[in-house]
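Just so you know, all these numbers are worked out from the coordinates, no wet-lab data involved. Keep in mind that what you see is a predicted model, and the values were worked out from it rather than measured. All Cβ positions, glycine included, derive from the backbone under ideal geometry; neighbour counts span all protein chains shown.
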């Protein structure tokens, strides 16, 4: 069977019958990590507690120097009285190796110093480790051996001169012996012996050899300021000469296997005797090689010319480093385990390789807490109250900084319960920190009160940041962490949190400046490197980003980097590879990310998304199963597998995967949520709800489970109960942004069910999304929801502002071409919009949504040919797409193809009988065809549209024209004149500025004998359109029908009529008759004009007679 090391992911083959029921304790030859293997193929890391015993009682070893204890400030001693605390305004010096803090927000490659560091001196082994202790408890992610590798044990069967190779170490103290567990020798790893095998495409750094510093005693001055917060260099020390200085690390150095690793070529396992013999030859050969290197002969000859060697360089004064005798224990061994290196000068060949200085372990990373806790834990029973309080602080702040390490939280809780009340009173900071870490809800208020009393206490400000972070008060947490670091530059962890929060809040430049300053002080800190790499990748400097990631992945010892951080680094490098088109490298890094941290849902998603997007769910399952077989087992992996099975409608397999996951991870609420999702997919709604409720019981703060219940209600058409449920949940969990996001999603979904959308619902959705962002400005889900809502609600300028905010986020890897296209389309920037649609369609050429909106943009830009092409693709890909058919009908109508337009509109109506716009335009196309039958069919379509419009005010406004066209058709039949008058009245209510409608209704009223109403309509039409001569003429005609009328008024109207429309004949004839007595010449002119315009008109003979009489 295959056994996979949980630390370096090296895999081995082992006979299953060798593994007992309670598991087999194994030490990985590749990375010396200790873990327990079980018969079912699973593995579990264990604390490296057997290290001393594994060497044997007679062996001699060098105990590495103990790190100094965590020092949160001398304020602890006097923290009993808040009022008495005095703030020391002095700022601790920054290590020379760290450089100065740069707040400028800009840095070049050299400013980062991007070369992997040499390993710092390892921290001490605990003397009182017990193999059996805590065997039944879940083991945390951290190896409390702190990455210490075991020295090579003496082989009793070995012979030869190498047998006494380490005899010169006899005078060193040996560690205490513990019952020695039996470690099974593993075969050589099948895939690799290097824990960084995933980095084989990158050159490994050349590391300078470090001599261990012996120290087996607790530092005598544990209250000093020489803490692990920041790397320090004692000003009294002097640096070594150039020959003793550690060599600069170059990323261009060729890769080399790790010291002490078993060769990958020795797959059959050579005998130990042969191995010792080989080592002897290597040692003897190494001396010769070293001589050749010193004399620069043979392959080690210098590439530079003699002249170049003689070239004088500026004199550089170096402070020599004091070498520590490994056989002595000195007080200087209690200082922070910091390894400071100088940048090497640029290579003489002009190479642009990146070179860097890295610090040792600091309190900006988990290893700092681990080291501080280890030294105090080893003497826990002998600690005085102050040191006990310090250990409690370490437990609390460590679990707050790294919540996944529940062992520290439990240990802190246990320690707090057993603490003497007087000690609690004397050290309130430790008590507050432990209470907060242990989930005491009242601790936050007490911390706020404490900070008000002692605002200049940096540790308290840092604790306040954690309290606010727990309650999702991101801005407040950011300010508190910044104050903590400003008050005390040793609060590196607070500065790290401030940088990460700045990035989460979208303040990229501030995050960059914060992390650059921290990098200058503690280069190589994993989280700092990753955040800086994310920013540099976002800014387009991928080479710098890759160098930062590489530095993180090559930090020594491997245990210094959390599995989560290593996994994140692999994911980031995979994203960079994907952006560069190197998918093979990306897949390799993603697999490494999952092997290192199987719970990395981002890596799992990226690995399987390509298969899922293309519908290859079985391939996705096979890939995930292969990762599981390689040891990358987690609840997240099982959930992803179940989701693939659900997509394939293989619900039985999905249930099988999730039930197995529920047994392995009984406390994971997400497994229960996914079980509910499978029931939901099978439409077993009652069972689904039970699973979601069980998830809430498992995790009372699970907003995801509450959202699933609400969506389940919506699926059952229980919209109002769903809104009521989420509203109540939002009131009960006012700091949970997911509740507001859920309410926003519901409003958007409701708006989508209303024809043409619903502005009120979109406004409500916008309010919910903004409320969610007030609670968590970093919520990508809320920001995407807000952007979609703004676009759908046609708020283009606000949508563009949201797009810019998303583009500034380094954790946003989505593409916004479609959103940019939609927004520019709304802004009327059709050319820009079409450019973005073109980009989106290159990525996904068959996306119906992209094609549809591209067609709408072409249509708005009056490019009917391109629009017709786009909509043709839409209906080809989606034969039920009414928008495509509708616009194809509009284009056909506008290009004088009414018969084709009728066909397109009919297809729309076949799919949606309530599509009133298609029905209206079908009527228009039928009228365009002409003929009595077409008019009758058009009238039937208009009748249905008018009936619906009278019930829907918005539709009436949008299709008001249907009343006008319907009234005009009715007016052709004298039997429908009264009905026609009503239709036109209805039309004029929604469109009172159409002069033609007033004129037509005036004609109807005149024919119906409503003379005054007719005169009023004609006059209104003339006022609205001064060019409508017939309106003036008809007003005059109707006035003349009265027994008494104002002759002067009539003449004025008739004159207006012929001035407005010179084609009108009858007004000229009437004026000829009216002025013949007073002005014969004018009358003569009117009669001649009439005969010219209407030589065969109804009054032609009378006009001729009248003209002769004049």
Given C-alpha coordinates of segment 874-969, what is the ratio Rg to Rh with the Kirkwood estimate of Rh?
0.97
Tell me whether segment 562-660 comes out rounded, prolate or oblate; compute the Cα gyration tensor, take square roots of the eigenvalues as a ≥ b ≥ c, and use a/c under 1.5 as the rounded threshold.
oblate
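Is segment 1065-1110 rounded, prolate or oblate when judged by the Cα gyration tensor, a ≥ b ≥ c being the square roots of its eigenvalues, rounded requiring a/c under 1.5 and prolate requiring a/b larger than b/c?
Cα axes put segment 1065-1110 in the prolate bin.
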Gained length - residue 1096 relative to residue 626, 0.36 nm times residue gap less alpha-carbon distance
159.5 nm
With contacts defined as alpha carbon pairs under 8 Å and 6 or more residues apart, what's the relative contact order of segment 562-660 in percent?
22
Between residue 950 and residue 442, the two model label points (7 Å from Cα along the beta-carbon direction) sit apart by a distance in nm of 7.0
For a footprinting-style exposure proxy, rank 515, 1074 by other Cβ within 10 Å, fewest first.
1074, 515
FRET E, pair residue 843, residue 991, Förster distance 30 Å, beta-carbon r, rounded to 0.05:
0.10
Compute the distance in nm between two label points, each set 7 Å from the Cα along the Cα-to-Cβ direction, one at residue 699 and one at residue 910.
5.0
Neighbour-count ranking for 902, 641 (other C-beta within 10 angstrom, fewest to most) reads 902, 641
Hey, rough spin-label estimate for residue 1079 and residue 22, points 7 angstrom out along Cα→Cβ, what's it come to in nanometres?
12.7
Net length gained if the chain between residue 1061 and residue 935 were fully extended (0.36 nm per residue, minus Cα distance)
42.4 nm
P(r) weight above 14 Å for segment 448-490, C-alpha pairs, percent
37
Please tell me the relative contact order of segment 960-1056 in percent, rounded to the nearest whole number, where contacts are Cα pairs under 8 Å and at least six residues apart.
18
With equal scatterers on the alpha carbons only and no solvent term, can you work out the Debye log10 of I(q)/I(0) for segment 960-1056 at 0.17 1/Å?
-0.69
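Please order 863, 568 by the number of other Cβ within 10 Å, starting at the fewest.
Least to most surrounded, the residues fall as 863, 568.
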Given a Förster distance of 56 Å, the FRET efficiency implied by the Cβ-Cβ spacing of residue 835 and residue 452, rounded to the nearest 0.05, works out to 0.50
